[in-house]
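The values are calculated or read from the model by the stated rules, or taken from the named source; none is laboratory data. Quantities reported herein were computed from a predicted structural model and do not represent experimental measurements. Glycine gets a Cβ as well: all are built from the backbone with ideal geometry, and neighbour counts include every protein chain shown. Only protein heavy atoms, including side chains, enter the accessible area calculation; ligands, DNA and RNA are left aside. Shrake-Rupley method; radii C 1.70, N 1.55, O 1.52, S 1.80 Å.
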Amino acid sequence: DNMAPAVYGGLTASIVEEGTPYCISYGISDKLQFCALKPDFETSTCEARKLLPEQVAFKDAVFNISRTSVLLKALEEGNTEIIRLSLKYRLHQSYRKTLIHEYDKVREICEGNGSLAFFISGSGPTLMNITDNSEFINKIKDSIMCLQNKWEIKNLAADTKGVKEEVC
């Protein structure tokens, strides 16, 4: 799930069947912008995994799977309403957010200033935003700087090329 996007770039999903990987790529709308908020502390992936329940309710699994299915096309089309709806999680964020100091404050700042989707990157502590507002970073900067922890704000672009051969 991490290797295929790194190699091929873009929005690449993968599965492995009997040791053979299968990948499929989707486009990402040019109107979408990605903003990462990286704090001055780290979290442990191992500790984040320990917080997760061993079993999840069937209705929560269906909730997430159905949203993943539409998220891929919504990212391709830049359909901000569907992106916002499909990035509501029921499986891990409520557990992992407890490891991220000021999570609720950062979320409130971001959503109050136009974040279409706010979510934990992997197991954290980096927090991600998807927006279609080029002024988003300027709008959140002062409020983020006033928090107890130091948060690095990074505007990110989707890498559509993946691994490139270096030419000497």
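Table for the structure above
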read-out	value
Rounded percent of accessible protein surface that carbon and sulfur make up, the chain, 1.4 Å probe	51 percent
Gyration tensor (alpha-carbon) shape descriptor, the stretch 72-119, a/c threshold 1.5	oblate
Met145 accessible area, 1.4 Å probe, all protein chains in place, Å² to nearest 10	120 Å²
Cβ-based net charge around Ser29, under 10 Å, with every Lys or Arg adding one and every Asp or Glu removing one	-3
Listed peptides 108-117, 60-69 by packing density, highest first (mean Cβ within 10 Å)	108-117, 60-69
Ranking by accessible area, most exposed first, for Thr160, Thr80 with a 1.4 Å probe	Thr160, Thr80
Dipole magnitude of the stretch 1-118, debye to nearest 20 (Cβ charges: Lys/Arg +1, Asp/Glu -1, about Cα centre)	300 debye
Estimated inter-spin distance, Leu52 and Gln93, nm [label 7 Å along Cα→Cβ]	1.6 nm
Karplus-derived HN-Hα couplings along the stretch 14-19 (A = 6.51, B = -1.76, C = 1.60, θ = phi - 60°), whole Hz, x at Gly and Pro	8, 9, 10, 10, 6, x
Mean Cα-pair separation over length for the stretch 14-168, i.e. relative contact order, pairs under 8 Å, 6 or more apart, %	34 percent
Solvent-accessible area of Asp142 with every protein chain in place, 1.4 Å probe, in Å² to the nearest 10	110 Å²
Gyration tensor verdict on the stretch 30-127 (Cα atoms; rounded if a/c is under 1.5, prolate if a/b is larger than b/c, oblate otherwise)	oblate
Around Thr126: net Lys/Arg minus Asp/Glu count, Cβ-Cβ under 14 Å	+2
Förster radius 30 Å - calculated FRET efficiency between Phe34 and Asn149, Cβ distance, rounded to 0.05	0.90
Accessible area per residue in Å² at 1.4 Å probe, computed on the chain	65 Å²
Neighbourhood charge, 12 Å Cβ-Cβ cut-off, centred on Ile153 and excluding it, Lys, Arg +1 and Asp, Glu -1	+3
Projected label distance in nm at Cys23 and Glu42, using a 7 Å step from Cα toward the beta-carbon	2.8 nm
Nearest-0.05 FRET efficiency for Glu165 and Val62, computed from C-beta distance (R0 45 Å)	0.60
Anisotropy class of the chain from Cα gyration tensor, a/c 1.5 cut	rounded
